[in-house]
Amino acid sequence: MPIYFAPGRVNLIGEHTDYNGGFVFPCALDFGTRLTLTANSERLLRFRSMNMAETVDVSIDQPFRPLPNHSWANYPLGSIAVLMQQTGCRLEKGYDLLFEGNVPLGAGLSSSASIEVVTAYAFNDILQLGLSPTQLALVAQQAEHTYAGVNCGIMDQFISANGKQDNAVFLNCDTLQFDYVPLHLDDVSIVLTNSHSPHKLDAGTYNQRVKECQQAVNIISRHKPIRQLADLTVSDFQEIQSTITNPVILRRARHVVTEIQRTRDAVKALRNNDLATFGQLMNQSHQSLRDDYEVTGQELDTLAQTAWQIPGVIGSRMTGGGFGGCTVSLVRNDAIGHFQQTVADTYRQTTGLQAEFYIAHTGGGARTLQQ
Ligand code: GLA
């Protein structure tokens, strides 16, 4: 009985840049989703999860299509459907798929990408399709577009497929060229703080941001030929910005262009062991996501802004899509206790909610646990 695994992720910097052809800098976590696959003789895909009450059966003899009511099974079904469509392969028998995940759900740590990627990885293996990790990430991204309705970038699926322990991935989302960058953090930890906020970045709001960036490209292209916002440097943007008269579109574009530069600068700082600069860029990233991209909200702002005041915190920002989910903070090990106490107290007093903390451990990308 083969068992597979794909991880969740935390993005250290480079938010809402991926679908603009920019840079991101995520690392894979040691938590993720496990998939046990067993062939059956029913000609059914039977989707079960230890984390979800809903069970779903899909016939392999009908054309696959998205399931109604936001079913969780759209993630794995989408990956299988896209994989079959892109490779021209057909399933000759049914399979029982049993998922078990330990990525906190709704925490912005890519539990859905880990389900999509583990499924694409498993079927690529069992049907011997020969796709590379990056090709599997593209299949999983397409599943998210067509079966979950979110026009996401490539970051989450890419890192889930290509992650490497003790490294972050500096990824150019236009060319998909990437470098592993070792995380030598010495006496510093990556601390995730779950806001447990009821607000979520839903598909509608996310797709709206994607659209606003496209609108910015359309306006700017009348004056300067660009394909995507990543084609502009910060100084190009300063020259051209007066042509964008809509203040919302202007702010969205400014976030993307400056965030891409911050991501480059942050990776350079890390390579020079300059964590202080890396941390300042994380804080600036949060401010830009708060003021220009408007995807933070009171909960994430309280978490980040409280963290900035605490000695031993090198940097702190929201991570992932935004609104709910987690912040990521770099904290000196001897300050973690005080950090957790202070953030939890201030957060409870301000929002009435209970924050939860995880020390992040990096891990590898999608893999086979048992043949
Ligand atoms: C979500 C998407 C990613 C990326 C982030 C924001 O996690 O799935 O593609 O756009 O939001 O950086």
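Mind checking the range 65-172 for trypsin sites (Lys or Arg not before Pro) that DSSP puts in a loop (not H, G, I, E or B) and that have at most 10 other Cβ atoms within 10 Å? Provide the component values of the computation, followed by the final result.
On the way: sites: Arg90, Lys93, Lys164; in loops: Arg90, Lys93, Lys164.
Filter output for the range 65-172: Arg90.
Only one residue of Ser329, Pro247, Gly315 has its Cα farthest out toward the positive end of the dipole of the chain, where Lys and Arg carry +1 and Asp and Glu -1 on Cβ, and that residue is Pro247.
Mean Kyte-Doolittle of at least -1.0 and a Cα length of 18 Å or more along the axis: which whole DSSP H helices of the chain meet both?
Working: long enough: 74-87 (19 Å, 0.34); 111-126 (23 Å, 0.67); 203-221 (27 Å, -0.48); 247-271 (36 Å, -0.35); 275-291 (24 Å, -0.59); 336-351 (22 Å, -0.81).
Passing helices, by number: 74-87, 111-126, 203-221, 247-271, 275-291, 336-351.
3J(HN,Hα) along the range 187-196, derived from phi through the Karplus expression 6.51 cos²θ - 1.76 cosθ + 1.60 where θ = phi - 60°, amounts to 8, 10, 10, 8, 10, 9, 10, 7, 6, 6 Hz, with x in place of Gly and Pro.
From largest accessible area down, sort Leu127, Leu97, Leu105; use a 1.4 Å probe on the protein chains. The partial results should precede the final answer.
Values: Leu127 45, Leu97 0, Leu105 105 Å².
Of Leu127, Leu97, Leu105, the descending order of accessible area is Leu105, Leu127, Leu97.
Taking all protein chains into account, the per residue accessible area for the range 188-359 stands at 43 Å² (1.4 Å probe).
Assuming a ≥ b ≥ c are the square roots of the Cα gyration tensor eigenvalues, decide whether the range 265-371 counts as rounded (a/c under 1.5), prolate (otherwise, with a/b larger than b/c) or oblate. It comes out rounded by the Cα gyration axes. Couplings 3J(HN,Hα) for the range 230-235, derived from phi with the Karplus relation 6.51 cos²θ - 1.76 cosθ + 1.60 (θ = phi - 60°), are 5, 6, 9, 7, 4, 6 Hz, where x marks Gly and Pro. Counting only residues at least eight positions apart within a chain, or on another chain, the lysines with an alpha carbon under 25 Å from that of Lys164 are Lys268. Using 0.36 nm per residue and subtracting the Cα-Cα separation, the extra length available between Asn69 and Lys200 on full extension is 45.4 nm.
Ligands, DNA and RNA left out, the accessible area of the range 150-307 computed with a 1.4 Å probe is 44% carbon and sulfur. Taken along its three principal axes, the alpha carbon spread of the chain comes to 59, 53, 39 Å, from the longest extent down to the shortest. How large is Rg/Rh for the range 188-359, to two decimals, with Cα atoms and a Kirkwood Rh? Dividing the radius of gyration by the Kirkwood radius yields 1.02.
At a 1.4 Å probe radius, carbon and sulfur cover how many percent of the accessible area of the range 19-118? Numbers along the way, then the final one.
On the way: 2040 of 4370 Å².
Roughly 47 percent of what the probe reaches on the range 19-118 is carbon or sulfur.
When only the Cβ of Lys, Arg, Asp and Glu is charged (+1, +1, -1, -1), the dipole of the range 175-262 relative to its Cα centre reaches about 540 debye. Residues whose amide H comes within less than 5 Å of that of Val56, counting only those at least five positions distant or on another chain, are Phe47 (H built at 1.01 Å from N in the peptide plane). Computed from label points 7 Å out along Cα-Cβ, the spacing between Leu98 and Asp174 is 4.7 nm.
The values are calculated or read from the model by the stated rules, or taken from the named source; none is laboratory data. Everything numeric here is computed off the predicted structure, so don't read it as measured data. Heads up, the Cβs are rebuilt from the backbone with ideal geometry, glycines too, and the neighbour counts pull from every protein chain shown. With ligands, DNA and RNA removed, areas are computed over all heavy atoms of the protein, side chains included. Shrake-Rupley method; radii C 1.70, N 1.55, O 1.52, S 1.80 Å.
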